[in-house]
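The next block holds one structure in the form of structure tokens; read it before the comments.
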Ligand SMILES: [Fe+2]
């Protein structure tokens, strides 16, 4: 049974907040009691203050506690501790093996994004996410040869596509932009950040609903409007210039939201408007990144098929951009094969 689908938050009189098992790898000790859910009940699996190491996490997995929780009134304490770990990792990216650190940072960013969605008006969480993403952009700009290896390792972490897609599309975007040699480092960094946060408006729908795959018609309509909500959530809260917010507003200009929603009933026919280089690239790279990675409701598409689709969308109006994208992805995947 899927506890997210049937979880009664008031079971045992407790309100419980789900956390990700992967987060425990970043903690030295349990900041509060941690519970597993099994046989219709919550069980205490980590006492407050207990040391966390690989052995204790293995024991949790061996006991099949794949869904773990903290009490709602202890969630703030838990989050503060996880965020301390994220802050330390973000600050010490240059210490030790740079590739390993970058993968850890991508991992922690993906885990933390769930908390950003869970409380999308929390300025501290958004600020920390912004700092992590900006630091990652700086690293990726300096280490473009490492991208295929980093992406291969990141894939193995098997993050839910909601948290993985912003990373995947933004890393590809940064790679293409660097390859194009037409933008400054600062411009690429800003566009990377804009690309990463472009879907944050999806957080207007409860995280539980995404994880349980239970979006109703109202949710689907809100999802269609997520670019607008993203701009509203980011305006005045992250240092992104208006031009980048405008890219976010238009990030589904060529879009295939229907197939994302898996619902043919909702039609979304984009008007024929010419967009700037940045908007086109963010749109198209997002489509390719989504198509070549699998979803619970469909298989991954081949790179060739995704490029064919992109060709039909932009090759006539944006031939230079299309050539650039083809060249970049061919090079990227031939390097990936050599890993
Ligand atoms: Fe989107």
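Derivation of every value follows stated rules applied to the coordinates shown; laboratory data play no part. Small disclaimer: the values here were computed from a predicted structure and weren't measured. Counting neighbours? That spans all protein chains shown, and the Cβs are built from the backbone with ideal geometry, glycine included.
Quick look at the values:
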read-out	value
Distance (nanometres) between label positions extended 7 Å along Cα→Cβ at residue 303 and residue 56	4.3
Least to most buried among 242, 67 (fewest other Cβ within 10 Å first)	242, 67
Per-selection Rg to Rh, the range 189-245 - Cα, Kirkwood hydrodynamic radius	1.04
Cα-based shape type of the range 296-339, given that a ≥ b ≥ c are square roots of the gyration tensor eigenvalues and the cut on a/c is 1.5	oblate
Principal-axis tilt of helix 277-291 within the chain, Cα atoms, nearest 10 degrees	50
Principal axis dimensions, the range 147-266 - Cα atoms, whole angstrom, descending	43, 35, 26
Rounded Å value of the spacing that divides the Cα centres of the range 14-54 and the range 73-122	17
Linear extension gain, residue 25 paired with residue 228, 0.36 nm per residue minus alpha-carbon span	69.6 nm
The range 1-151: C-alpha gyration tensor shape, a/c 1.5 cut-off, then a/b vs b/c	prolate
Angle in degrees between helix 303-314 and the longest Cα principal axis of the chain, rounded to the nearest 10	60
Whole-angstrom gap from the range 270-332 to the range 138-213, using each part's C-alpha centre	15
Relative contact order (%) - criterion: Cα under 8 Å, at least six apart; region: the chain	13
Between 0 and 90°, nearest 10: helix 98-118 axis offset from the chain longest Cα axis	70
FRET efficiency, residue 334 to residue 94 (Cβ-Cβ, R0 30 Å, nearest 0.05)	0.55
Equivalent ellipsoid dimensions for the range 92-337 as semi-axes, Å, which come from the Cα gyration tensor, largest first	24, 23, 18
Ordering of 26-39, 308-321 by packing [mean C-beta count within 10 Å, highest first]	26-39, 308-321
Residue exposure sequence - 251, 143 - by fewest surrounding Cβ within 10 Å	143, 251
